[in-house]
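What follows is a single structure, written as structure tokens, with notes after it.
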Amino acid sequence: MINRLIFVVRTLRVPFILMLVVTLSGCATQPTKALRSQVDQMAQFRKRVFVLDFDDDGHLANPAELGTAMAEISETLKHPRPGSQAVRKILVISYGWANNRDDALDTYYGEAMKYLQAEKLLPLKTDSDGTVDFGDWAVLCVSWNSSTSAIGTALKDIIPGDSISDIIATTPSYALFPFTFWSKARLADDIGYGSLNEALTLLIEDTYEQNRFQTPELFLVGHSFGCRILSALTKETLGGIRLAKVHPAGVTKSGDAASYAVPFKYIQNIRGAVFYQPALSELNLPQSEGQTYHFPVVVTESRHDHANGFLYPVGNVLLNSYTFTGTAAIFDRMFPESNNVLAQSGRDVVVLGGSLVWTVAALPVSYVWAQGNLIADRKLNHIGDTLAHLPLVDIPVDALDSALPDKLQPHWGEYNLGFLDLGSGFESAGHMRSVIIGSGVTHPIDPDTALLAVKAGANGCIYVDESSKISHSIISADINYAKPVPEHTVGWIDPVGAHVDYDPAFDLLKAVLELGTK
């Protein structure tokens, strides 16, 4: 019996191996068009576009890319190619919420570069080797996992099916939204105040200063939580306390980078910033420090941005993202972090508890102050502002407002939330103007006025009302919330709204980029 079995195996061995080879060759993955497109795009922009990837602890995950950027830029300074220019300007781009690393690569190499080229925002041209030459510019792209798919990712380790995992994870992901919102806000702070700060400082020090070249001009453009990352480069305080001049002696950087933040060494090199629909409060912006800045920070706002208008304050009410980072910073200044795991856990518990207390205490103060200022500014119109944000009630209020002559229109609900405004510490600066304590009440300016202000050399924060442009739904570009019917129907069930519809405001970015030295 055994001999017969051996004979059968020997007889079938060669056909079986041939069948296995054929089968495996048939299953071999063929390069897809999407992959070829990605490779071609990356090769096309490899000289001047670099993607810095940050992990879930806020640390730079691909230092080799930073090294490549330093080497490429240094080469343009020392040995510029014929017809090519030395890199004197650096554009830092950071996109935000709901982007994983794959999404970021597609966005940066596809959409972002397409807009830069189509709008002639940078002097793009093609070299003889097929790569794009950005003139005297280089572009640094910030990649980080800002998606809320942690539960889905965990399930994929257990369930062999991506779609099934995503479906199962949908409900708990939405239920845990406030917590994921806080964690992503905290990660954005850690990247901005920590590793991105260090990476840019290292690049400029080793590429320019050590080789005795003039340091470059810097330009920042972000969207959503990406603005939170970049805003850290523009500030000298964190959580109400001044950033340390140096890292505290004897502490490690294994913990939260934001806790050991130092001011960005080359803040004087920043020529301008554009923050599209930023998922941050005005306290995160440089204007809140009461200082005079030498560069403009253009902030777009839209009342059709439901993510910033609804989801942002909901997340902040449970645990204020600004105060959490501030509490951690103060605690770590007082008690430098230990490498002991038990000590780190205890620290996190104390910081979490302190931030919760801070949130509970700050909410009523922020609300009362905002209401007092808004009522004093709007008087009876404050009631109309409130009614303009209530379902069904908003329809006759909007109709009455539109029926009045232009000079008499009170613009109910266009700039203020009325009694729904929680104050500057809890509302997003990307939705409507909320009031900072002691700053007075101001409204965003129109886009044309903003362009003139930028070109005239205005500095500090410039808030721009882009509601007429940033108004298209993420559900479909055909849904325009600037029109009454979509706004009063689909608008009430769309939690994101026009949050990602920032393309129409690219003229502001062009104006800021043109501030660079000619």
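Computed values, structure above
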quantity: Length released on extending from Lys379 to His411, taking residue separation times 0.36 nm less the Cα-Cα span; calculated: 10.2 nm
quantity: For Ile475, net neighbour charge (Lys/Arg +1, Asp/Glu -1) across residues whose Cβ lies under 12 Å away; calculated: -3
quantity: Sites Gln214 and Asp106, calculated FRET efficiency, Cβ-Cβ separation with R0 45 Å, nearest 0.05; calculated: 0.80
quantity: Pairwise FRET efficiency - Val314 versus Glu236, Cβ, R0 = 22 Å, nearest 0.05; calculated: 0.15
quantity: Förster-model FRET efficiency, 51 Å R0, Asp56 and Leu515, C-beta, rounded to 0.05; calculated: 0.90
quantity: Calculated log₁₀ intensity ratio I(q)/I(0) where the Debye formula runs over C-alpha points of segment 385-518, q = 0.15, 0.18 Å⁻¹; calculated: -0.87, -1.20
quantity: Leading residue at positive end of dipole, segment 381-518 (Cβ point charges), from Ile475, Ser402, Ala498; calculated: Ala498
quantity: Potential extension, Leu404-Val365 segment - 0.36 nm per residue separation minus Cα distance; calculated: 10.5 nm
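No value in this document is a laboratory result; all are computed from the given coordinates. Because the structure is predicted, anything quoted here is derived from the model rather than measured. We place every Cβ from the backbone using ideal geometry, glycine too, and count neighbours over all the protein chains shown.
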